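Everything below concerns the one structure shown next.
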Amino acid sequence: MTQWSGYLGLILQGALVTIELTLMGSVLALIMAFLAGMGRVSRFFILRAIATAYIEFFRGTSIFVQLFWAYFVLPFAGLSLTPLQAGVLALGLNVGAYAAEVVRGAILSVGREQYEACTALNLGRWQGMRHVILPQALLVMLPTFGNNAIELLKATSVVSLISLADLTFQAQVVRSQTGSTLMPFASVLVIYFALALIISWGVRTLERRMARGLDGVRV
Amino acid sequence: MPAPIIKVDAISKSFGAFKVLDGLSMQVMPGEKLALIGPSGSGKTTILRILMTLERIDGGHIQVDGEQLYHMERNGQLLPADERHLARMRQKIGMVFQLFNLFPHKCVMDNVTLAPMLTKGVARAAAEKRAMELLDMVGLADKAKAMPAQLSGGQKQRVAIARALALSPKIMLFDEVTSALDPELVEEVLNVMRKLAAETDMTMLLVTHEMGFAHDFADRVLFFDRGRIVEEGKPDEIFRHPKQERTQSFLKKIIAAGHRV
Ligand SMILES: Nc1ncnc2c1ncn2[C@@H]1O[C@H](COP(=O)(O)OP(=O)(O)O)[C@@H](O)[C@H]1O
Ligand SMILES: [Mg+2]
């Protein structure tokens, strides 16, 4: 029994790494999503081109390849990353590319009349974006952002390929050390699922708070 | 005689192949209250939107308050206006829309204070004080903390008027501000406009189908048809003794539809 609790400890350590990857990857993804998503609707051609190139490239190549580049190829360019850094970079850039399209779609979903009200009130482009358009667009983005974050959580397991001791990696370790398959894999199943539930719940709570007052019922 | 505050000189505007305005000219004097009437599709909204810089013109010139709206004078040359020039010109003009266009995520107070704080650097306390005066003027002082979705159409439109006034424009544009309202809510908005007309010397341009209101409110009425001003004059001349056949038939139709003239 004490032996099992030791193994469970290993798995929980892996869970911490997975959580760390998910949080840091999500932050990077969020930053990239806003940069690229707003770049996509910029009036400057060059910004649109850069944003489009980034989005197409990272959606068009697999997360495995991106991770291998971040970890194995970048050192040749003089940039050596720890496995954790490489994992965050690959995950953030990859999911950020998907989320950028969410940002773009949400910005475009805000009605033309809101932009016109901004012009009539003489708000600058950025002022209107920051105070009028983005706050409304954010509400449209949130549910899909929740899905993106869950996708990111599930994708974190690729880092076990570069020997980062995340949840999936630790499950393999425990399996090879104990010969038991059910215990480690059942635990990681439950843990991934619980983490995904927490993300869903968090996003839904955030959504409810932000929607407050918009429909005239909840205040 | 003072100079006109708005001088529209032979402007044209097309949407695709469709020419909405074709060589339109008009002048508005400072403080004048102008009613623009005419059949739907005749270009009334378009001219207001052009003055608010929501649409660009294809040709012609517009002067507002002594300056070119869409052109800048540089070393004696007329160049197309850049965004800076347009932003400076927009300070002179405010607009109220048919569908209010309030910011749904901001309370009434924040709707009114946002632009003065951002575009004029007014401090929050001063902006809120002014907003309360304006909300009081439109009869909504008790709604400062309400969200737009909690308001009736008439209340929303009165907030929109306060919001535009908060920037103290010299010229206010009103585009059918009561036509999206339930009939019983029209009067509360018209009352605010009456008060504005009586208490301020703002220049006001009003597109409306409320002929009775236009008659009482306006110093001058312009009748639009197919992108042109067919007839203009004092309200009594236009409404009681229209000279043009097209004006007569338009007013006849409006009366038949149950509007008071
Ligand atoms: N953005 C646009 N694209 C194409 N056609 C337009 C657009 N805006 C207005 N129009 C057309 O221009 C004409 C004049 O419109 P408008 O100025 O709204 O007329 P009014 O306000 O007098 O009813 C109408 O035929 C309308 O369909
Ligand atoms: Mg119209």
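Please treat every number below as a calculation from the coordinates, not as lab data. Quantities reported herein were computed from a predicted structural model and do not represent experimental measurements. Here the Cβ is made from the backbone with ideal geometry for all residues, glycine too, and neighbour counts use every protein chain on show.
Given contacts defined as C-alpha pairs under 8 Å and at least six residues apart, what's the relative contact order of chain B, whole-number percent?
Reported as a whole number, the value is 24 percent.
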Dipole-positive endmost among A:Gln136, B:His71, B:Gln157 within the protein assembly as shown (Cβ charges, Cα centre): A:Gln136
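Report, as an integer, the average count of C-beta atoms from other chains found within 10 Å of each Cβ along B:46-53. Don't jump to the answer; show the numbers that get you there.
Working: counts 0, 0, 0, 3, 0, 0, 4, 3.
So the per-residue partner count for this stretch is 1.
Can you tell me what the convex hull of the Cα atoms of the range B:1-134 projects to on average, as an area in nm²?
Numbers: hull surface 44.5 nm².
The directionally averaged projection comes out at 11.1 nm².
Compute the Kirkwood hydrodynamic radius of chain B, taking the inverse of the mean of 1/r over all pairs of distinct Cα atoms, and give it in Å to one decimal.
On the way: mean 1/r = 0.0520 Å⁻¹.
One over the average 1/r among Cα pairs gives 19.2 Å for chain B.
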Counting only DSSP loop positions in the range A:1-78, the chymotrypsin sites (Phe, Trp or Tyr not before Pro) whose Cβ has at most 11 other Cβ atoms within 10 Å are A:Phe44
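What does the charge count near B:Asn101 come to, summing +1 for each Lys or Arg and -1 for each Asp or Glu among other residues with Cβ under 14 Å from its Cβ?
On the way: positive: A:Arg112, B:Arg49, B:Lys106, B:Lys156, B:Arg158, B:Arg163; negative: A:Glu113, A:Glu116, B:Asp175, B:Glu176.
With Lys, Arg at +1 and Asp, Glu at -1, the neighbours total +2.
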At q = 0.16 Å⁻¹, what log₁₀ I(q)/I(0) does a Debye calculation on the Cα points of chain A give, no solvent, two decimals? -1.09
From other protein chains only, count the Cβ atoms within 10 Å of every residue's Cβ in A:84-90, then give the mean. 0
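Output the relative contact order of the range A:136-219, whole-number percent, from Cα pairs under 8 angstrom with separation of 6+ residues. Please report the intermediate quantities before stating the final value.
On the way: 41 pairs, mean separation 30.2, N = 84.
Here the relative contact order equals 36 percent.
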What is the distance in Å between the Cα centroid of the range B:149-182 and that of the range A:146-205? 54
The relative contact order of chain A, taking Cα pairs under 8 Å that sit 6 or more residues apart, comes to a percentage of 28
Candidates A:Glu116, A:Glu56, A:Glu151, ranked by Gaussian network fluctuation over chain A, Cα under 10 Å, top entry: A:Glu116
Total charge of the residues flanking A:Glu101 in space, meaning their Cβ is under 11 Å from its Cβ, with Lys and Arg +1 and Asp and Glu -1, is +2
Largest first and in whole Å, give the semi-axes of the range B:164-261's equivalent ellipsoid, each being the square root of 5 times a Cα gyration tensor eigenvalue. 24, 17, 12
Select from A:Val159, A:Gln114, A:Phe34 the residue farthest towards the positive end of the dipole of the range A:16-166; place +1 on Cβ of Lys and Arg, -1 on Cβ of Asp and Glu, and compute about the Cα centre. A:Gln114
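Rounded to the nearest 20 Debye, what is the dipole magnitude of chain B about its Cα centre when Lys and Arg each give +1 and Asp and Glu each give -1 at the C-beta?
On the way: 35 positive and 32 negative charges, 81 e Å.
Around 380 debye, computed over chain B.
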Between the alpha carbon centres of the range A:89-108 and the range B:1-66 the gap in Å comes to 43
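Taking the Cβ of B:Asp82 as the center, what net charge do the other residues with Cβ under 11 Å away carry, scoring Lys and Arg +1 and Asp and Glu -1?
Numbers: positive: B:Arg74, B:Arg84, B:Arg88; negative: B:Glu83.
Net charge in that neighbourhood comes out at +2.
Percentage of Cα-Cα pair distances in the protein assembly as shown greater than 28 Å, rounded to whole percent? Intermediate values should be presented prior to the final figure.
Details: 72731 of 114960 pairs.
Considering the protein assembly as shown, 63 percent of its Cα-Cα pairs are separated by more than 28 Å.
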For the range B:102-168, please report how many Lys pairs fall under 14 Å Cα to Cα, leaving out neighbours fewer than 8 apart on the same chain. 6
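With charges set only on the Cβ (+1 for Lys and Arg, -1 for Asp and Glu), what does the dipole of the range A:1-140 come to about its Cα centre, in debye to the nearest 20?
360
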Taking only C-alpha positions in the range B:102-168, Rg and Dmax in angstrom work out to 10.5, 31
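Against the globular-protein guess of 2.2 N^0.38 Å, express the Cα radius of gyration of the range A:122-195 as a ratio, rounded to two decimals. Before the final figure, lay out each step's value.
Details: Rg = 20.3 Å, N = 74, 2.2 N^0.38 = 11.3 Å.
So the Cα radius of gyration is 1.80 times the expected 2.2 N^0.38 Å.
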If every Lys and Arg gets +1 and every Asp and Glu gets -1 at its Cβ, then about the Cα centre the range B:102-168 yields a dipole, in debye to the nearest 20, of 120
Towards the positive end of the charge dipole of the protein assembly as shown, with charges on Cβ (+1 Lys, Arg; -1 Asp, Glu), say which of B:Gly212, A:Val73, A:Val88 has the farthest Cα. A:Val73
Across B:93-106, the residue-averaged tally of Cβ atoms belonging to other chains within 10 Å stands at 5
